[in-house]
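Working notes for the structure below.
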Amino acid sequence: MASYRIEWKASAVRELKRLDRSVVPRIVEAVGQLARNPFPRGCRKLKGSGNSFRIRVGDYRVVYEIAETLPLVEVVRVRHRKDAYR
């Protein structure tokens with residue numbers, strides 16, 4: 001399997017900076033693992049979107065899109081679960 005490149009949208013980086021510092025390393029580690037396997041166990045495809053998925057990191061959700069032709073994983077959103085889908 002090819003290694004995927006990880007890119008963060010500017011809005012996702014801003015959201016990450018606003019989070020509690022204790023959870024940021026766990027989120028960064030989980031996103032880093034998407035480079036090897038963009039479809040990890042427990043990932044969910046989001047309804048109504050072509051290539052959008054989400055992974056759980058504790059009480060937080062990381063929403064990302066996959067462009068398999070490039071290969072690229074773009075992190076779109078990092079939010080607490082109560083706000084993730086608004």
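Computed from the coordinates by the stated procedures, all read-outs in this text should not be read as laboratory data. Note that the structure is predicted; figures quoted are calculated from it, not measured. Reconstructed Cβ throughout: ideal geometry from the backbone, glycine too, with neighbour counts over all protein chains shown.
Here are the numbers:
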| read-out | value |
| --- | --- |
| Cα-based helix-to-principal-axis angle, 24-33 vs the chain, degrees rounded to 10 | 10 |
| Scattering curve values for the range 45-86, log₁₀ I(q)/I(0), Debye with Cα scatterers, q = 0.16, 0.27, 0.29, 0.34 Å⁻¹ | -0.40, -0.93, -1.02, -1.19 |
| Net +/- balance of residues flanking V24 in space, Cβ distance below 12 Å, scoring K and R +1, D and E -1 | +1 |
| Proximal lysines relative to K82, as straight alpha-carbon distance under 20 Å, when same-chain residues fewer than 8 apart are discounted | K17, K45, K47 |
| Surrounding net charge for R86, when Lys and Arg each add one and Asp and Glu each subtract one, Cβ distance under 13 Å | +3 |
| Packing-based ranking, highest mean first, of 40-49, 73-82 given that Cβ atoms within 10 Å are counted | 73-82, 40-49 |
| Pairwise centroid distance, computed over Cα atoms, of the range 29-55 with the range 1-27, Å | 13 |
